[in-house]
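Student: For reference, the structure I am asking about is given below.
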Amino acid sequence: MSISIQAVRKAYVARGAERLALDRVDLEIAAGEFVAFVGPSGCGKSTLMNMIAGILPVTEGVIVHEGRPVRGINQHVGYMTQADAVLPWRTVRQNVELPLRFHGVPRRDRAARAEAMLDQVGLAGFGGSFPAELSGGMRKRVALAQLLAYGPETLLMDEPFGALDAQLKLLMQEQLLRIWTARRQTVVFVTHDLAEAITLAQRVVVFSGRPGRIKQIEDVALPTDRDPFRARFLPEFERAYTRLWEALAPEIRRGEAA
Amino acid sequence: MSGLAQAAGALGAEVRSPAVVALEAAGRSHRRRVLLLRVLVGVGFLALWYGASGRWIDTLLISSPDLVAARLWRWTLDGTLWNNLSITLLATVLGFGIGCTSGFVLGLLFGRFTTLAEVFDPYITAIYSIPKIALAPLFIIWFGIGIESKVAVSAAIVFFVIFLNTYSGVREVNPLYVHTTRIMGGGEGAVLRHVIVPSAAAWVITGLKVSVPYALVGTVIGEFMSANRGIGYLISQATGLFNTTSVYAGILVLALVGAVINTGLKYLEAWVLRWRGAA
Ligand SMILES: Nc1ncnc2c1ncn2[C@@H]1O[C@H](COP(=O)(O)OP(=O)(O)O)[C@@H](O)[C@H]1O
Ligand SMILES: [Mg+2]
């Protein structure tokens, strides 16, 4: 088991009042598994990711990652946060190289790996640019290149492709799937796009509206070496989409009404 | 034509499109106009000064540009200028260096250990409210009339500016950057080097820019009070003798020194903060 989330609750204390963000979440994620989280916005998906990464403490329960309870910053995951975390004072190349440097990769290999990764996310030739000179979608791809270049065994990705247009999104999904098929990392992937969740994941976890609870878990019957361009035309895709939408829609409507 | 340009671009040659060329030309002509007007303002001021001196205002009070120029020339030839300027510069640079380094290190420390900052906060506020110039006589008692007391005055002034700016800069660091850098495998040292310091750099540079004139002021005030060398000493001697020409010459030298240092810092700032982008 790669990630084991056991009876986790998270309450934020804001202005003297406690507000429940996540309630009794239990989930086991196997090593090498690709899991997607979907749910109405504000249901605590990012909160859960932050707790797996050790940025936030759990209020109750425990999260175990690779056999170790997560306490404090978890350096065994790679985390692509929802907000932009690319360092603005480093060039694109320097950003991608930074974790390689921390992991003791020699200087020459760092440059080669960074270049190759930037090429894969369609940013060849932008290595010398500063993040301020790129679009939001390009910065997301820098973060993706950085994450994939240093190769952590567990990837936490919080709405990584949200800022990309539909075509680019498909290309990035294809890249990610290809890399995952070859390397078989454990991936936790948050998205607000049901189709994206089904296209990529082996399992899709639906969260209820605030406070977030796991409402449904859907096994996606598509083959793991699927083609993201064609997957959406398969009957298995449609079936999964219908069932997930039936679980998700009332939660979104509840959120709208509230 | 455009096909050729594209081909050249693909080969990596720097191709400047007509739009870029036009924009650059417009920028150049604008800069030339500004420069011309600047020179005109300067010349106009000198002419006014020259005309007023002895005609509307007593030359004893405002001297005259030609006299000041002649005085500066004489100082340059007989070594007076360098003999005094060197000591003022040395004191300023030393004071600036000591003040910056200690202010930066302590600012980082307090920024990272907030409890420390909370404990010391009222004392820092109290000391900060003292006009540091008021310490100058004390420093002269402690360190004598040599260069040490001037260095101490400059350092005391610069220290606080840099300390407070660094501290604020460190407090402003986006915690997300700290977290993600640590998750990627960075230790405390890496976070300091790759996140905290570059993030605080904008604040620190602002502090530097503000404190350069202060460092100069600190030194000169020290020299006013008691010294036997330095531009401040030169000015105060001349004042005692009602020698306004020398006073103006000394002030001009200080203005030039300040301008040169500030220009240097402006370039430094542009380079350090180049990541902010022209946009
Ligand atoms: N730092 C915080 N302090 C207080 N409440 C927070 C904080 N961060 C998030 N929340 C609340 O927790 C809930 C879950 O937020 P989040 O995890 O960002 O949701 P999601 O990523 O699913 O959109 C939201 O209702 C949000 O208002
Ligand atoms: Mg979120």
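Student: How much accessible area per residue does the protein assembly as shown have, in Å², with a 1.4 Å probe?
Tutor: It amounts to 51 Å² per residue over the protein assembly as shown.
Student: Reachable lysines from B:Lys132, Cα under 28 Å, same-chain residues fewer than 8 places away excluded?
Tutor: List returned: B:Lys150, B:Lys209, B:Lys266.
Student: Under a 10 Å cutoff between Cα atoms, tell me which one of A:Arg101, A:Arg203, A:Arg113 has the largest fluctuation in the Gaussian network model of chain A.
Tutor: In this elastic network of chain A, the residue with the biggest mean-square fluctuation among A:Arg101, A:Arg203, A:Arg113 is A:Arg101.
Student: Averaging sequence separations of C-alpha pairs under 8 Å and six or more residues apart, then dividing by the length of the range B:210-255, give the relative contact order as a whole percent.
Tutor: Taking the mean separation of contacting Cα pairs over the length of the range B:210-255, I get 24 percent.
Student: Further, regarding this structure: Can you send over the solvent-accessible area of B:Leu94, 1.4 Å probe, protein chains only, in Å² to the nearest 10?
Tutor: Roll a 1.4 Å probe over it and B:Leu94 shows about 80 Å².
Student: So which residue, out of A:Ile63, A:Ile198, A:Ile217, gets the largest mean-square fluctuation from a GNM of chain A using Cα contacts under 10 Å as springs?
Tutor: A:Ile217
Student: With a 1.4 Å probe and all protein chains kept in place, how much accessible area does B:His179 have, in Å² rounded to the nearest 10?
Tutor: 50 Å²
Student: Additional query: Can you compute the label reach from B:Val41? Point 7 Å from Cα along the Cβ direction, backbone N cut-off under 20 Å, restricted to the range B:243-258.
Tutor: What the label zone holds, given the 20 Å backbone N cut-off, is B:252-258.
Student: Provide A:Cys43, B:Cys100 ordered by accessible surface of protein heavy atoms (probe 1.4 Å), highest first.
Tutor: Output order, biggest surface exposure first: B:Cys100, A:Cys43.
Student: On to the next question. Using Cα pairs closer than 8 Å and at least 6 residues apart in sequence, work out the relative contact order for chain B, in percent.
Tutor: Across chain B, relative contact order equals 22 percent.
Student: Could you please report the charge total around A:His192, scoring K, R as +1 and D, E as -1 over all other residues with beta-carbon less than 10 angstrom from its beta-carbon?
Tutor: Spelling it out: positives minus negatives among the neighbours equals -2.
Student: Using a 1.4 Å probe over the heavy atoms of the protein chains, calculate the carbon and sulfur portion of the accessible area of chain A as a whole percent.
Tutor: Result for chain A: 50 percent of the exposed heavy-atom area is carbon or sulfur.
Student: Can you put B:Phe45, B:Phe159, B:Phe120 in order of accessible area, largest first, using a 1.4 Å probe?
Tutor: Most to least solvent-accessible, the answer reads B:Phe45, B:Phe120, B:Phe159.
The values are calculated or read from the model by the stated rules, or taken from the named source; none is laboratory data. A quick note: this is a predicted structure, and the numbers were derived from the prediction, not measured. So basically every Cβ, Gly included, is an ideal-geometry build from the backbone, and we count neighbours across all protein chains shown. We work out accessible area using only protein heavy atoms, side chains counted, and drop any ligands, DNA or RNA first. Shrake-Rupley method; radii C 1.70, N 1.55, O 1.52, S 1.80 Å.
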